[in-house]
Every structure is written in C-alpha cells, then in structure tokens.
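Colleague: Here it is, the structure in full.
The values are calculated or read from the model by the stated rules, or taken from the named source; none is laboratory data. Please read all numbers here as calculations on a predicted model, not as lab measurements. As a convention, Cβ positions derive from the backbone with ideal geometry for all residues, glycine included, and neighbour counts pool all protein chains shown. The protein model used for the area step is the full one, side chains on, heavy atoms only, and it has no ligands, DNA or RNA in it. Shrake-Rupley method; radii C 1.70, N 1.55, O 1.52, S 1.80 Å.
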Amino acid sequence: MGGRLKPEVRWQETVWLRVSVRTQPDHTLVVLAGELDIADAEPLAFQLSALISAGHTRIVADLTELLFCDAPGLRTLEQAARRAALRGGWVRLAGTRTPIKRIIRIAKLTQPLPAYDTVENALADRDEPPRDGTRG
C-alpha cells in the first residue's frame, strides 16, 4: 500500500547554560552546567570579564556538568584565561569531558586552558601546566 511515510517527530529538550560563581579568598570557582554555545558565549564573556576586572584572576571553571561546548564557547574561556594571565592569574578547567578535552587539544588551547580531572587538582597545581594541557 503505497503511502507516504510520516516524518519521525522527536521531542527535544532545550538545554540552557547555568552559571554559578563562588568566590573564595584565593580563587573563584565558576561552575558551568548545560550547554555553552554561541548564544551563551557573550553573556559568559561579560561575567568572566567582570570577575577579572574585580580582581578575581585565579579562576577554576568546573565543567563537570557541561554537556556541550562549541568554538565560540571555548574562545570565551580562552580570552578570559589571557585576560587573567595579564593580571598574573589563570583560568583552569576541571572535570572536563573527553570530547571537550579533545577539542581543546585539536584547537591547540592546552596552554591557556589546562584541564584537570577535579577542582581539587586544579587548585593543588602550583606548577606550569604540561604541554598537553592535561593534569590528573
């Protein structure tokens, strides 16, 4: 019976970027959850710039709950890392998922954006990040 096939309709959940900031005396923890894409890059850049301008130049970005990050999102984190470095600080990534680590490595962003398994490891590192940008 030659009928037309109905297209498959899938329900898609809209995933937003959630950002929480916790300042401590020696560092600032920025927790990113959801998806960081082109739509969220500029607002995040503004937030990070404001933190750095206020003197919060040692930032750990906890990406444990970040499901997706595109090139503009990575560029935002890289630009924040460069601004922090100009003020003697850094931005370190923690809890980075393998696909995001791979993109960072391919984009050659491991120097400005070193990745660590945990927030604790990112804070414990007193040395320069290794060449491949990953730390335990």
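Colleague: Return only the number of the condition from (1) under 19 Å from Thr28 (Cβ atoms); (2) open to solvent by less than 50 Å² (accessible area, probe 1.4 Å); (3) among the aliphatic types (A, V, I, L, M); (4) part of a helix (DSSP H, G or I) that Ile104 does not satisfy.
Modeller: (1)
Colleague: Another question, then. Look at region 49-67 and say how many of its residues are in contact with a Leu (Cβ under 7 Å, 6 or more places away or on another chain) and of a type outside the set (D, E, K, R).
Modeller: Total satisfying the criteria: 5.
Colleague: Please state which one of Ala45, Ala61 is farther than 24 Å from Asp125 by Cα and not acidic (Asp, Glu). Explain how you work it out, then say what you get.
Modeller: Details: Ala61 fails: farther than 24 Å from Asp125 by Cα.
Criteria check complete, one pass: Ala45.
Colleague: Among the residues in region 21-38, are any modelled with pLDDT of 95 or more, open to solvent by 20 Å² or more (accessible area, probe 1.4 Å), in contact with a helix residue (DSSP H, G or I) (Cβ under 9 Å, 6 or more places away or on another chain) and in a helix (DSSP H, G or I)?
Modeller: No - not one qualifying residue is present in region 21-38.
Results for (1) surrounded by fewer than 19 Cβ atoms within 10 Å (Cβ to Cβ); (2) more than 10 Å from the chain's Cα centre (by Cα), shown as yes or no for each residue.
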position: His56; (1), (2): no, yes
position: Val60; (1), (2): no, no
position: Leu63; (1), (2): no, no
position: Ala71; (1), (2): yes, yes
position: Glu78; (1), (2): yes, no
position: Ala85; (1), (2): yes, yes
position: Ala94; (1), (2): no, no
position: Pro112; (1), (2): no, yes
position: Ala124; (1), (2): yes, yes
